[in-house]
Ligand SMILES: Cc1cc2nc3c(=O)[nH]c(=O)nc-3n(C[C@H](O)[C@H](O)[C@H](O)COP(=O)(O)OP(=O)(O)OC[C@H]3O[C@@H](n4cnc5c(N)ncnc54)[C@H](O)[C@@H]3O)c2cc1C
């Protein structure tokens, strides 16, 4: 099944975050020689809200129930049962979730995913501290250039290297994502926040920054991930200093003022970009390459979650990779089947979410009204479905 024994690996997955780890798990029985490269040494941190979506756990459970079962043993972890959404006018809405999910710091969660690869895909060669600097397309293979050490050759490269993907930058004809699809977020960990509860995630909307929200998520062991995210175009237009704005909102937002009086911040406030999905459809594959997760811009524009779509796309890429080797066809036309699968299973929902986010972003009155309406018996389910 191998491409050719003259290459080091059949498949090289770049990035061992949720997309890359899921892809390696998806390929565990393929018989292919798989390398999983990451520039970091795990456990490593990743700036995130640390909310692991129920759909992420569901996708792993469908692959093998043991995977999700192992992740449910993870510590620290906080099982999420409900959310509280505070509208710009202060009205609030409590939502109960049916699909089981939890929050866990990415340092722990991503390390646990990589442990699943070590245990269940032992033939995978895991290369940590290996940063991809560049790549070169040869007629019958791909040559990867790490920052240190000799070149690595493979038959197929799968870019799971996140928001600043080197694979995407080097191989996509038009790698730049429109600014309208860029979001930026900052977060810090806290403890001792008044009124914060295990099991409840809190979302705060403000009139000034409606295309985004402030969050407060319990992550276990009495700690909370607190953050603020918003569209990059709003940040640029209003010259928003996100870190300063987050600190100010924690002290002044009517639903938060006082709650942080005795809180202790653990570590610095740190930020990172979120490439949003659902907009202009651009290729996420080509001859001998596929992109997954943030590298393919698959973050939900309304809620900002992308761990689920990273895992789902990583698994779809594994299926496509196996099909490529079975047919010995690595051409762009054959690869495009992956784009279609991602569009059908992930992209359509993200497009709907993008339109809703854009529509609501200029209408605080509508958000207030929706939160108010959800208190009317029978309408809550409708509002909950609309926001996911
Ligand atoms: C502030 C913020 C809050 C968020 N909150 C949530 C949330 O609560 N829930 C949720 O579901 N999503 C959230 N997201 C989105 C989520 O973090 C991403 O969608 C998710 O991490 C995507 O997974 P991935 O595997 O595609 O990429 P990543 O998790 O970014 O993993 C990429 C991996 O590639 C490695 N890498 C990068 N470049 C190279 C290179 N050149 N060579 C080798 N390795 C490389 C990195 O070290 C990393 O391990 C948030 C994002 C931000 C920024």
Worksheet item: Counting every Cα pair in region 89-132, what percent are over 11 Å apart?
Response: 78 percent
Item to complete: Jot down the radius of gyration and Dmax of region 148-228, Cα atoms only, both in angstrom.
Response: 19.3, 54
Worksheet item: So between residue 363 and residue 99, what do we pick up on full extension, going 0.36 nm a residue minus the alpha carbon distance?
Response: 92.1 nm
Worksheet, complete the sentence: The extension gain from residue 66 to residue 237, computed as 0.36 nm times the residue separation minus the Cα-Cα distance, is 56.8 nm
Discussion item. Counting each pair of different Cα atoms once, what's the Kirkwood radius of region 157-306 in Å, rounded to one decimal?
Written reply: 16.7 Å
Practice prompt. Name the residue, out of 92, 285, 297, whose mean-square fluctuation peaks in a Gaussian network model built on the chain with Cα pairs under 10 Å.
Written response: 92
Fill in: q = 0.16, 0.19 Å⁻¹: log10 I(q)/I(0) that the Debye formula gives for region 1-60, counting C-alpha atoms only
-0.63, -0.82
Response to the item:
Taking a crude spin-label model, label points 7 Å out from Cα along the C-beta direction, the residue 45 to residue 140 distance in nm is 4.7 nm
Response to the item:
Most exposed to least, judged by fewest other Cβ atoms within 10 Å, 104, 6 sort to 6, 104
Fill in: For region 288-354, radius of gyration divided by Kirkwood radius, i.e. Rg to Rh on alpha-carbons
1.01
Fill in: Relative contact order [Cα under 8 Å, 6+ residues apart], the chain, whole percent
22 percent
Discussion item. Per q in 0.09, 0.18, 0.22, 0.23 Å⁻¹, report the Debye log10 I(q)/I(0) for region 260-387, using one uniform scatterer on each alpha carbon and no solvent.
Written reply: -0.40, -0.97, -1.17, -1.23
Discussion item. Need the C-alpha centroid separation for region 219-263 versus region 120-195, integer Å.
Written reply: 29 Å
Item to complete: Would you mind listing how long region 33-160 runs along its three principal axes, going by Cα atoms, in whole Å with the largest first?
Response: 59, 36, 26
Fill in: Point-to-point label distance, residue 133-residue 336, nm (Cα→Cβ direction, 7 Å offset)
3.6 nm
Fill in: Taking the convex hull of Cα positions in region 194-279, its mean projected area over all directions (nm²)
6.6 nm²
Worksheet entry | Dmax and Rg, reported as Rg then Dmax, of the chain (C-alpha, Å) | 21.1, 66
Worksheet entry | Förster radius 35 Å - calculated FRET efficiency between residue 178 and residue 79, Cβ distance, rounded to 0.05 | 0.40
Worksheet item: What residue among 181, 148, 136 has the largest mean-square fluctuation in a Gaussian network model of the chain, using Cα springs under 10 Å?
Response: 148
Worksheet entry | For the chain, built as a Gaussian network whose Cα springs stay under 10 Å, the top-fluctuating residue of 187, 176, 44 | 176
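Values quoted throughout were computed directly from the atomic coordinates according to the rules given, and no laboratory measurement underlies them. Computed from a predicted structure; not experimentally measured. Using ideal geometry, Cβ is built from the backbone for each residue, glycine included, and neighbour counts are taken over all protein chains shown.
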